[in-house]
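Working notes, beginning with the structure itself.
The values are calculated or read from the model by the stated rules, or taken from the named source; none is laboratory data. Note that the coordinates shown come from a computational prediction; the quantities given were computed from them, not determined experimentally. Note: ideal-geometry Cβ built from the backbone for every residue, glycine included; neighbour counts use all protein chains shown. Only protein heavy atoms, including side chains, enter the accessible area calculation; ligands, DNA and RNA are left aside. Shrake-Rupley method; radii C 1.70, N 1.55, O 1.52, S 1.80 Å.
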Amino acid sequence: MSDLITLTLPDGSMREVARGTTPAEVAASIGPGLAKAALAARIDGEMRDLSRPIEGDAKFSLVTSKDEADALELARHDYAHVLAEAVQHLFPNTQITFGPSTDDGFYYDFAPADRPFTDEDLPLIEAEMRAIIARNAPLVREEWQRDQLIAYFKEHGESFKAEWAAELPEGEALTIYRAGDWLDLCRGPHMPSTGKLDPQAFKLTRVSGAYWRGDQANAMLSRIYGTGWLNKKQLDAHLVRLEEAAKRDHRRIGQDMDLFHLQAEAQGSVFWHPKGFVLWRALEAYMRRRLDAAGYLEVKTPQLMDARQWEASGHWGKYRENMFVVPDEVPNVDDEGPVLTGEGDLMALKPMNCPAHVLIFRQGIKSYRDLPLRLAEFGCCHRNEPHGALHGIMRVRQFTQDDAHIFCREDQIVEEVRLFCELLDVIYKDLGFTSYAIKLALRPDKRFGTDEMWDRAEGDLREAVFLAGRQGPEYGWEELPGEGAFYSPKLEFHLTDAIGRTWQCGTIQLDYVLPERLDASYVGEDGARHRPVMLHRAILGTFERFIGILIEHHAGRFPLWLAPVQAVVATIVSDADEYAEEVAALLTRAGLRTETDQRNEKINYKVREHSLAKVPYLLVLGRREAEERTVALRPLGGGEQVVLPLADVVARLASEARAPDLV
């Protein structure tokens, strides 16, 4: 074996180095500036520590702060370790468990010795973290054997870590990272030392409870959350976004606008109030018109289906833990004895619509001339989400999907995906989302089908996006290796909202498996039976979550066509009451959702109240307006109030209130 290995650099040049050379040494040989800036390296795509020797020929690149995504992942991982070290310094006998990085920071779960941690502990912990960063201790990777690791954790009273280590593969070298005398079990990688972190670029945000391994039967731990960045400027910008996000919280705005509520008697299900359901109906009607125009056929399928059907589709094995299972028997109504015998066949509330759509497709003989067949359903589904995972109307147990399945021939895939991309683009822009990214999730290591099938499927999705003109940088095009489903690649559509957050909503994916499992077929031009390709697609995702996103994106200030109440006619004096009723009636006849406010309150009080309720237009009427048949039109947000003739106001608002597809 040669003592030299060849590294291929990002610019295509090659460099020979001694076997066992570290990335840090390679960086130093290139230049002192790069050596100082380097945080980690990528060896054949895998991110590694700078101190880890390179043992063979490889593609080589260094990670610096300019590689923001990689640098943030490293920094947040390091902040989590520094947090754990700080807590154990300040609170002896606290046990550590796990501490991953997150999309905007990190957290760590602890088992405190005396009491759960509280938010009041956070400033002290932050100060200790800064002291650890200032010490600039090297983060050293070591390989240990499992028995050595278990013995160490038991000796140091780390029962949770010892339990986890005992379940790791026997005989496999495991990695720990040491910072001075403190260490933790970790795969890595890490930056060279704690001093690479900016001590002013993190903030601990809150404390919550969390069960060990996510199981309610296990011990309750204290989870400390933090946000971590590369510099203070990034942190400050993030904190401003958090402040703005709190103002836009759909739960608070939903309460202010009287849209919905949630309560413990129906965990994970939404109580839609009249105004909230007006919003829902406006969105649903708009989506229905768009789907009708695009050639979709709307269907309605059962909520409850026999478990044998879910077994046939494959969902019983993969999703059963998230399904609400119902025994098919009449419950005992007597005071004595069990309510259920347990002898009835099992049924389940549907967690998705796709198997039922295949069953509709199978009714009658289908010809190649019938394809593509686009079946859409605003289908109510149920998934048994853990209580701790529920979040407002964004994460619920009962939800309605804007679901559709396209049954087509293989030669129709590209055109159907292209049409879907164009439909999605129109809908997102109509709803106020001008920016979204498209990601292609590629084949995972464990997958169904041949490489040729995957080559064709991935190629079809790429071609469709290209033909739709949406593969450029303005659409955030990105390919995600290994992120596809086991049976097919998929396109994901990630919205960007008004404060820069991204939400994955739309998706379309190919499915060759379910038509096979449920024996769907059509008669081809050759007279033989063929399997259709099934395209699973959604644009909103679920109505509940998407309405939550809409609320936060618009901060409750919906475009007029979506607003639950579009106009309020408010009087200054009782002399204008009769005129107010006439104005409201004209607006209602013009199709506007209108209310009147004739209470004996000052107009400034009425303005504040209806502004809080995010009513787009306030029509203020006094004695003069009644006499002159005019309206003082006041838009939401403090825009300039204008006095206009009544007929002009009705025509203006009626025009503005038309849904985009009706203009």
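Among the residues making up the stretch 250-274, those that are on the phi < 0 side of the Ramachandran plot, open to solvent by less than 80 Å² (accessible area, probe 1.4 Å), in contact (Cβ under 8 Å) with a residue 24 or more places away in the chain and within 22 Å of the chain's Cα centre (by Cα) are 250, 253, 254, 260, 262, 267, 269, 270. When the residues of the stretch 366-395 are filtered to those that are over 30 Å from residue 526 (Cα atoms) and part of a loop (DSSP other than H, G, I, E, B), which remaining residue is nearest to the chain's Cα centre (by Cα)? Once the filter is applied, the top-ranked residue is 394. With respect to the conditions (1) under 19 Å from residue 538 (Cα atoms); (2) not acidic (Asp, Glu); (3) not in a loop (DSSP other than H, G, I, E, B), residue 459 lacks only one, and its number is (1).
In the stretch 155-168, the residues that are within 16 Å of residue 88 (Cβ to Cβ) form Cβ pairs under 8 Å with partners that are open to solvent by less than 30 Å² (accessible area, probe 1.4 Å) and in a loop (DSSP other than H, G, I, E, B), at six or more places apart or across chains, as follows: 160/97; 161/97. Regarding the stretch 577-587, can at least one residue be identified that is over 15 Å from residue 631 (Cβ atoms) and in a helix (DSSP H, G or I)? No; the residues of the stretch 577-587 include none that is over 15 Å from residue 631 (Cβ atoms) and in a helix (DSSP H, G or I). Among the residues of the stretch 16-36, the one identified as part of a strand (DSSP E or B) and open to solvent by 80 Å² or more (accessible area, probe 1.4 Å) is 16. Of the helices (runs of 4 or more DSSP H) lying entirely inside the stretch 286-365, the ones with 1 or more residues being open to solvent by 20 Å² or more (accessible area, probe 1.4 Å) and modelled with pLDDT of 90 or more are found at 307-313, 354-362. If you check residue 224 against the conditions, is it closer than 28 Å to residue 614 by Cα and not basic (Lys, Arg)? The answer is no for residue 224.
Every residue, every condition in (1) modelled with pLDDT of 95 or more; (2) under 18 Å from residue 86 (Cα atoms); (3) exposed (fewer than 14 other Cβ atoms within 10 Å of the Cβ), yes or no:
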| site | (1), (2), (3) |
| --- | --- |
| 202 | yes, yes, no |
| 207 | yes, yes, no |
| 214 | no, no, yes |
| 226 | yes, yes, no |
| 230 | yes, no, no |
| 234 | yes, no, no |
| 238 | no, no, no |
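Do we have any residue at all in the stretch 398-408 that's farther than 28 Å from residue 448 by Cα and among the acidic types (Asp, Glu)? For the stretch 398-408, residues farther than 28 Å from residue 448 by Cα and among the acidic types (Asp, Glu): absent. Remark: residue 427 falls outside the filter, which requires a residue to be outside any helix (DSSP H, G or I), within 29 Å of residue 548 (Cα to Cα) and either of a type outside the set (S, T, N, Q) or out of contact with any Pro (no Cβ under 9 Å at 6 or more places or on another chain) (or both).
Scanning the stretch 630-647 for residues that are surrounded by fewer than 19 Cβ atoms within 10 Å (Cβ to Cβ), closer than 16 Å to residue 603 by Cβ and of a type in the set (Gly, Ala, Ser) yields a single hit, 638.
Taken as a whole, the stretch 179-186 holds at least one residue that is in a loop (DSSP other than H, G, I, E, B), under 25 Å from residue 62 (Cα atoms) and open to solvent by less than 20 Å² (accessible area, probe 1.4 Å). Taking (1) modelled with pLDDT of 95 or more; (2) β-branched (Val, Ile, Thr); (3) in contact with a strand residue (DSSP E or B) (Cβ under 8 Å, 6 or more places away or on another chain); (4) in a helix (DSSP H, G or I) in turn, residue 615 satisfies each apart from (4).
Among residues of the stretch 443-496 being surrounded by fewer than 17 Cβ atoms within 10 Å (Cβ to Cβ) and either touching a residue at least 60 places away in the same chain (Cβ under 8 Å) or basic (Lys, Arg) (or both), the one that is nearest to residue 425 (Cα to Cα) is 496.
Quick one: count up the residues across the stretch 84-110 that are of a type in the set (Gly, Ala, Ser) and open to solvent by less than 10 Å² (accessible area, probe 1.4 Å).
Initial filter on the stretch 84-110 (of a type in the set (Gly, Ala, Ser)): 84, 86, 99, 101, 105.
Those left that are additionally open to solvent by less than 10 Å² (accessible area, probe 1.4 Å): 84, 86, 105.
Residues in the stretch 84-110 being of a type in the set (Gly, Ala, Ser) and open to solvent by less than 10 Å² (accessible area, probe 1.4 Å): 3 in total.
Would you confirm, using the coordinates I've provided, whether residue 563 is of a type outside the set (S, T, N, Q), surrounded by 15 or more Cβ atoms within 10 Å (Cβ to Cβ) and part of a loop (DSSP other than H, G, I, E, B)?
Details: of a type outside the set (S, T, N, Q): yes; surrounded by 15 or more Cβ atoms within 10 Å (Cβ to Cβ): yes; part of a loop (DSSP other than H, G, I, E, B): yes.
Taking the combined requirement at face value, the residue satisfies it.
Given 399, 407, which one is open to solvent by less than 70 Å² (accessible area, probe 1.4 Å), over 27 Å from residue 657 (Cα atoms), under 24 Å from the mean Cα position of the chain (by Cα) and at pLDDT 95 or above? Just a single option satisfies the conditions, and that option is 399.
Every residue in the stretch 100-121 that is modelled with pLDDT of 90 or more, in a loop (DSSP other than H, G, I, E, B) and of a type outside the set (Phe, Trp, Tyr), please. Result: 100, 102, 104, 112, 113, 115, 116, 118.
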